1. Anything in the stretch 42-66 that is of a type in the set (Ser, Thr, Tyr) and closer than 22 Å to Thr5 by Cα? List them, or say none.
2. So, in the stretch 63-78, how many residues would count as being in a helix (DSSP H, G or I) and exposed (fewer than 15 other Cβ atoms within 10 Å of the Cβ)?
3. Which number in (1) in a loop (DSSP other than H, G, I, E, B); (2) at pLDDT 95 or above marks the one condition that Glu44 misses?
4. Given the conditions (1) modelled with pLDDT of 90 or more; (2) open to solvent by 40 Å² or more (accessible area, probe 1.4 Å); (3) touching an Asp or Glu at 6+ places or on another chain (Cβ under 9 Å), and given that Phe54 satisfies all but one, which numbered condition is not satisfied?
Amino acid sequence: MTLTTREAVILAAGQHRSDAVFEAARAPAMIPIVDRPLLQHVVESLIDQGVRRFHFVLSSHAEAVERHFGDGTRWGCT
């Protein structure tokens, strides 16, 4: 039996809102919950379950997500 890297696809594209001020200010997935962005809570939960490779589906504010997560080495992931 060969072990493979567990992968996850995270859909964080958000939705178009009529509240343009909110949308322009921050990606919904990057809104802070307690001490870190919502999306980081999701990623860390999946890491706890053995996922080591992530694929993100993003729309607006993709740069903010990429800047925060980088190449994933902080979490031992890609």
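1. Ser45
2. 5
3. For Glu44, the failing item is (1).
4. That leaves (2) as the condition not met.
The values are calculated or read from the model by the stated rules, or taken from the named source; none is laboratory data. Keep in mind it's a predicted model, so treat the numbers as computed, not measured. In this analysis, Cβ positions are derived from the backbone assuming ideal geometry, glycine residues included, and neighbour counts consider all displayed protein chains. What goes into the accessible areas is simple: the full protein's heavy atoms, side chains included, and nothing from ligands, DNA or RNA. Shrake-Rupley method; radii C 1.70, N 1.55, O 1.52, S 1.80 Å.
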